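The values are calculated or read from the model by the stated rules, or taken from the named source; none is laboratory data. Just so we're clear, the structure is a prediction, and the values are computed from it rather than from any experiment. All Cβ positions, glycine included, derive from the backbone under ideal geometry; neighbour counts span all protein chains shown. Ligands, DNA and RNA are excluded from the accessible area calculation, which covers all protein heavy atoms including side chains. Shrake-Rupley method; radii C 1.70, N 1.55, O 1.52, S 1.80 Å.
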Amino acid sequence: MIRKACVIGAGPNGLAAAIVLAQAGLQVQVLEAESTPGGTVRTMELTLPGFQHDFGSAVYPLGAGSPFFSSLPLDRHGLKWIHSPAPLAHPLDDGTAVTLERGLDESIHALGVDGEAWGALTRPFVDHWTEFSLEVLRPIHFFPRHPWLMARFGVFGVQSAQAVARRFRKERTRALFAGLAAHSFLSLDEPLTAAFALLLAIPAHTVGWPIPRAGAKSLTAALCDFLSTLGGKVILSSPVHDLAALSDYDLLLCDLTPRQLAAIAGPRLSEQYKQRLRRFRYGAGVFKVDYALHAPIPWKAPDCSRAATVHLGGSFEEIAASEKSVRSGQPAGQPFVLLAQPSLFDSSRAPAGKHTAWAYCHVPHGSSVNMLAKLEDQVERFAPGFHDCILARHVFSPADLESMDANLVGGDITGGVFDIRQSVFRPTSKHYGTSEPNIYICSASTPPGGGVHGMCGYHAARMALSRMGQR
């Protein structure tokens, strides 16, 4: 008898879980609340006709480097990666920019006196990326398969970005490291922030920071198309309000955040377990703006035009002050801004001669503060004349983001705070398991956490199959 499985949510983790289950021979349906699949991995016209904007994520170091996604023939289903010449640029007030180069040796050369320290920090993991990615993109294990590699990572990763940045002599290198670490949504003097910096720097030198041709939707479309070849189905505009309505399925995997799961669980999950889900802590949100531009962004530093991703925040100290303010619940006076400019490298994103860009800054959870002027001031600081390039903009507050994807609670795009406590027990000590043997959680609120890599869904599905006696 063929067993039936239901996956709630067609984000990258939900689709990954569905594929694993379908590969094992289960009959799989994915129920998606929205009218299009993908969660944050969607592309749409948000400003003007012909301008294609990525709703959420746009650049995919862990997507290209995902052990699971890279095992699938997604290229045969329309996914084509595009690499900008440099993965990342970080402009400074002197009119220059420090860049993260694709090749480690090139980055070592570009960083000058800090090149040796950068190489010592990253080369062991770059040289063993396959083994390292399998280890780091799963729940924390006290007995890893590659103990010396992970012990070395642990020595640096558990530290704060502030502590590790002291290894660098030049302010520009420290600024680069700060921008990478700020993806953690934590204060840069907190433990684990160095791990975030390394987990972005290392894949830059291995798989790069690519963008999908034609937008984020291409990754989602490839996953959905591959799932269909296995017999899996994605059913859109199908929100689930009560797990009791899904009693016909042998297995449920939920690409939902913890409090959402608790809200729809009813009596199918124990009260004690639901209480643990309700105690889960969400993190800071984002304030995001999508732009239709009549010309490329006029960067003072030419190197910024070599990168699909640009970090705007100036020095380490400025970025640290911005993130500390948000972590303490206050909007930053001069926010750290993350900007993507995909149309420089993919002409399908905009009409001929025109461009798209998006930018966001971190804000306190659920903040209603309008950060548009401060965000655009940061862009203008490093690209005078930026305002004159704007044809149209679309602004997303944290509430707006959540209205388009219920997993973005309070504008939190990472699935919950990733501090020491919630890195080990995420969302509970059961990880993907719940109080019910045939119900699992597989969102970014489970290990290894946020990022478009599908590994949360992969591991949850593998656990479910193992407990069913299948592999």
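Per-structure values
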quantity	calculated
Exclusive hit being in contact with a Ser or Thr (Cβ under 7 Å, 6 or more places away or on another chain) and open to solvent by 20 Å² or more (accessible area, probe 1.4 Å), set Pro67, Pro124	Pro67
Which listed residue, of Ala244, Ala181, is touching a helix residue (DSSP H, G or I) at 6+ places or on another chain (Cβ under 6 Å), part of a helix (DSSP H, G or I) and surrounded by fewer than 22 Cβ atoms within 10 Å (Cβ to Cβ)	Ala244
Matching entry among Asp93, Asp189 (being in a loop (DSSP other than H, G, I, E, B), touching a Gly at 6+ places or on another chain (Cβ under 7 Å) and either of a type outside the set (Lys, Arg) or crowded, with 23+ Cβ neighbours inside 10 Å (or both))	Asp93
Qualifying positions in the range 155-173 - farther than 12 Å from Trp118 by Cα, part of a helix (DSSP H, G or I) and of a type outside the set (D, E, K, R)	Val155, Phe156, Gly157, Ala161, Gln162, Ala163
In the range 102-121, residue farthest from Arg306 (Cα to Cα) [restricted to those that are open to solvent by less than 30 Å² (accessible area, probe 1.4 Å) and under 23 Å from the mean Cα position of the chain (by Cα)]	Leu121
Any chance Ser107 is farther than 25 Å from Glu190 by Cα, in contact (Cβ under 8 Å) with a residue 40 or more places away in the chain, not hydrophobic (A, V, I, L, M, F, W, C) and not in a loop (DSSP other than H, G, I, E, B)	yes
Matching residues in the range 257-279 - criterion: being open to solvent by less than 30 Å² (accessible area, probe 1.4 Å) and either farther than 30 Å from Leu375 by Cα or not in a loop (DSSP other than H, G, I, E, B) (or both)	Pro258, Leu261, Ala262, Ile264, Ala265, Gly266, Leu269, Tyr273, Lys274, Leu277
Complete set of residues in the range 359-368 that are open to solvent by 30 Å² or more (accessible area, probe 1.4 Å) and more than 12 Å from Ala284 (Cβ to Cβ)	Ser368
Matching residues in the range 280-317 - criterion: being farther than 27 Å from Arg102 by Cβ, within 24 Å of the chain's Cα centre (by Cα) and outside any loop (DSSP other than H, G, I, E, B)	Gly285, Phe287, Val289, Ala292
Pairs where the first residue, in the range 140-157, is within 20 Å of Phe425 (Cα to Cα) and the second is part of a helix (DSSP H, G or I) and among the acidic types (Asp, Glu), C-beta under 7 Å, 6+ apart	Pro144/Glu135; Met150/Glu135
So Gly329, is it surrounded by 24 or more Cβ atoms within 10 Å (Cβ to Cβ) and among the small types (Gly, Ala, Ser)	no
Exclusive hit being among the aliphatic types (A, V, I, L, M), part of a loop (DSSP other than H, G, I, E, B) and buried (at least 24 other Cβ atoms within 10 Å of the Cβ), set Ala58, Ala18, Ala33, Ala5	Ala58
Residue, nearest to Ala292 (Cα to Cα), within the range 376-412, restricted to residues that are among the small types (Gly, Ala, Ser), part of a loop (DSSP other than H, G, I, E, B) and open to solvent by 10 Å² or more (accessible area, probe 1.4 Å)	Gly385
